1. Kindly write out, for region 124-131 in residue order, the coupling ³J(HN,Hα) from the Karplus curve 6.51 cos²θ - 1.76 cosθ + 1.60 (θ = phi - 60°), rounded to whole Hz, with x marking Gly and Pro.
2. May I ask for the net charge around Arg125, where only other residues with Cβ less than 13 Å from the Cβ of Arg125 are counted and Lys, Arg are +1 while Asp, Glu are -1?
3. Could you report the accessible area of Arg59 in Å², rounded to 10, computed with a 1.4 Å probe on the protein chains as they sit in the structure?
4. For Val49, what is the net charge nearby, where nearby means another residue's Cβ is under 12 Å from its Cβ and Lys, Arg count +1, Asp, Glu -1?
5. Counting Lys +1, Arg +1, Asp -1, Glu -1, what net charge surrounds Leu75 among other residues with beta carbon under 13 Å of its beta carbon?
Amino acid sequence: MASVEVLHRREGVNLLQLEADIASVRTGSSIASISLPDYVEHTEGVSRVGALSAEAVIRDYESAAKEIEAMGTELIDAARKCEALTAQVHDAIAFMRETAAGYREEGRKIFRRIEECALFTEDVRKTCEQVKRRMTEGSAGPFSDDEPEQQDPELSGIAAHVSMTEVR
């Protein structure tokens, strides 16, 4: 069986004054005027002190529950911000990858041009060496009646596609 604590009135406590103080703090004067959460209601016959104590406790619990819900709302808002930031990060990564691919492509083009220039320079050098060799051997070329016309050696690479008028 549950034990019931018996409270004795003390001479120094004025219950009427205490009730008046509590009523002045509340917005209404009756128990029914205080709005309670939907999940509780006063039990018929409960004393005024018991009802007020129960209201105080339920208000503290309800306040804590609302704060917990508010934290959940803040967490949902933070998650939305995080998702938006994640989308921005994915966009930035995609941009970086596109930029890196563009740099690679540009590097490849420059690489090819440098090698083409190197090959062209080598062909020009070979052509110049051949012309120089012919000049030092004393070949008079196609204008001489003494010797039969010599065929030019076959040129390779880019030099084969460049005419002597383009070189001058």
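The values are calculated or read from the model by the stated rules, or taken from the named source; none is laboratory data. All values reported here derive from a predicted model rather than from experimental measurement. Because the Cβ atoms are built from the backbone with ideal geometry, glycine has one as well, and the counts that use them run over all protein chains shown. Quick note on the areas: whole protein, heavy atoms, side chains included, nothing else; ligands and nucleic acids left out. Shrake-Rupley method; radii C 1.70, N 1.55, O 1.52, S 1.80 Å.
1. For region 124-131, the Karplus curve yields 5, 4, 4, 4, 5, 5, 5, 5 Hz.
2. Summing Lys and Arg as +1 and Asp and Glu as -1 gives 0.
3. Estimated to the nearest 10 Å², Arg59 gives 100 Å².
4. Net charge around Val49: -1.
5. -3
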